[in-house]
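The next block holds one structure in the form of structure tokens; read it before the comments.
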Amino acid sequence: MKSKARSALPPVAMAVLMASVFTVSMGFGVVLPLLPFLIERLLGGGAEAGQISRATGLLTGLYMLSLFLFAPLWGRLSDKHGRRVVLLIGLIGFGATMLVFAFVESLVAVYAERILSGLFAAAVTPVALAAVGDLAATDEARARRLTFVSLAGISGFLLGPMLGVFIARAAADIFSITDPMGSLAFPLGATAVLAFAVAGAAVFAIPPTRHRERVGAPDQTASSTSRWLIPNLLILGFIVAAGVGVFEVGLALRGKQELGMTPTQIALMFTECSLVMLVVQAIVFSPWVKPSATRWLIAPALVVLATGLFLLPRATDFTLMLAVIGAVAASAGILAPILTYWTSSMAGQAQGAQLGRQTAAASLGAAIGSAGGGLLYDVAWLPDASFLIMTVLTGVGVVLSFALPRMLVRGRTA
């Protein structure tokens, strides 16, 4: 019975799961470049740059905090009540918050929207991953499909800012909107429409799950080694996400303030980062690489990540920056899907709960890394403090990962 259920993921369902993750990632990306302008309008013409930057950072942090708090809860609910119903709640709720966001007229309402938007987004990514873990017929299929979901998330985040600006400008031209802020409702509304459309497709495409197949409690027969594996993987996921957060903030600040790069050059660096992640994930989980062999890549990738974080503040020109960026992006792009795959492999029937915890750990890491990257960037008593601290923390991850390949094999056997 179990094998039959695990082979029931048709291509249409896979496409809807990928579209779900793409939508919430794109929604986050759409909002990012619009937030400072919206905050400036709501604060009034006398708003200082510091007020705008603090509010922007706080709003972004609230979204990530909401993901951290609610992803495990949604994951456990999907274990109990089925993936489809929780996914629908997440998509419809996310679409509704984006639609409301298009018409907010107070800063308090913006804060509330970011919290609610993160709450509903937290119901999408871990549940989509859990559905893949449930229904993939083989380890190879599980690995590739989890990678496809990860690629969908990266693509959404990469395209979101560009699509948001493009739709806003197009709306201003078509409808002759003279107020630049008047066109911002259009990309937010378009994101809401996409979320509702994907939810409608999910009603028909995602296979229903019976409650008796969902077991949210951990397996009491698992060995102590197996029980330790999930926390170990969560810690590594937190470290990788924090490293990427420090890296992204430091990259933008260093490129502008120290190297005098143009916005086009900075945008090119972020584009390179996303493209490298896409390529390495496609290679690592290609048909030519056995998923079980990916456990041996964890420690080397962490070493490369630590080295890149250490060298980034020492890269003195655009060419060296591109080389270091490629190394960091490749290591992070390898580690994220590998950790997701092995978390899913170790989760047993509690796919939603464990992948929800992984999403929470990564969200917390990204929030702390981004905040730390900004707050510690220019500390006089410790130059490059954020990069050095993250290098040390990643080194701790390397130590934790040394025994991981053998532990993963023993845990899977148990």
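The values are calculated or read from the model by the stated rules, or taken from the named source; none is laboratory data. Since we're looking at a predicted model, the values are computed, not measured. Note: ideal-geometry Cβ built from the backbone for every residue, glycine included; neighbour counts use all protein chains shown. The accessibility values were calculated without ligands, DNA or RNA, using every heavy atom of the protein model including side chains. Shrake-Rupley method; radii C 1.70, N 1.55, O 1.52, S 1.80 Å.
Here is how the numbers come out for the structure above:
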{"quantity": "Residues located in region 310-342, provided they are open to solvent by less than 10 Å² (accessible area, probe 1.4 Å), more than 30 Å from Asp134 (Cβ to Cβ) and assigned to a helix (DSSP H, G or I)", "calculated": "Leu312, Met321, Ile325, Val328, Ala329"}
{"quantity": "Residue among Phe204, Phe175, Phe247 that alone is at pLDDT below 85 and open to solvent by 70 Å² or more (accessible area, probe 1.4 Å)", "calculated": "Phe175"}
{"quantity": "Condition met for Ser370 (open to solvent by 40 Å² or more (accessible area, probe 1.4 Å), at pLDDT below 85, among the polar types (S, T, N, Q) and within 25 Å of the chain's Cα centre (by Cα))", "calculated": "yes"}
{"quantity": "Filter pass, Phe238 being open to solvent by 40 Å² or more (accessible area, probe 1.4 Å), at pLDDT 80 or above and out of contact with any Ser or Thr (no Cβ under 6 Å at 6 or more places or on another chain)", "calculated": "yes"}
{"quantity": "Looking only at region 93-143, and only at residues there that are within 17 Å of the chain's Cα centre (by Cα) and in a loop (DSSP other than H, G, I, E, B), the one that is surrounded by the most Cβ atoms within 10 Å (Cβ to Cβ)", "calculated": "Val124"}
{"quantity": "Qualifying residue in region 49-61 (condition: under 22 Å from Pro126 (Cβ atoms), at pLDDT 80 or above and surrounded by fewer than 21 Cβ atoms within 10 Å (Cβ to Cβ))", "calculated": "no"}
{"quantity": "Any pair with Cβ under 7 angstrom, 6 or more apart, that starts in region 338-351 at a residue that is more than 11 Å from Leu146 (Cα to Cα) and at pLDDT 80 or above and ends at one that is open to solvent by 10 Å² or more (accessible area, probe 1.4 Å) and of a type in the set (Ser, Thr, Tyr)", "calculated": "Met346/Ser226"}
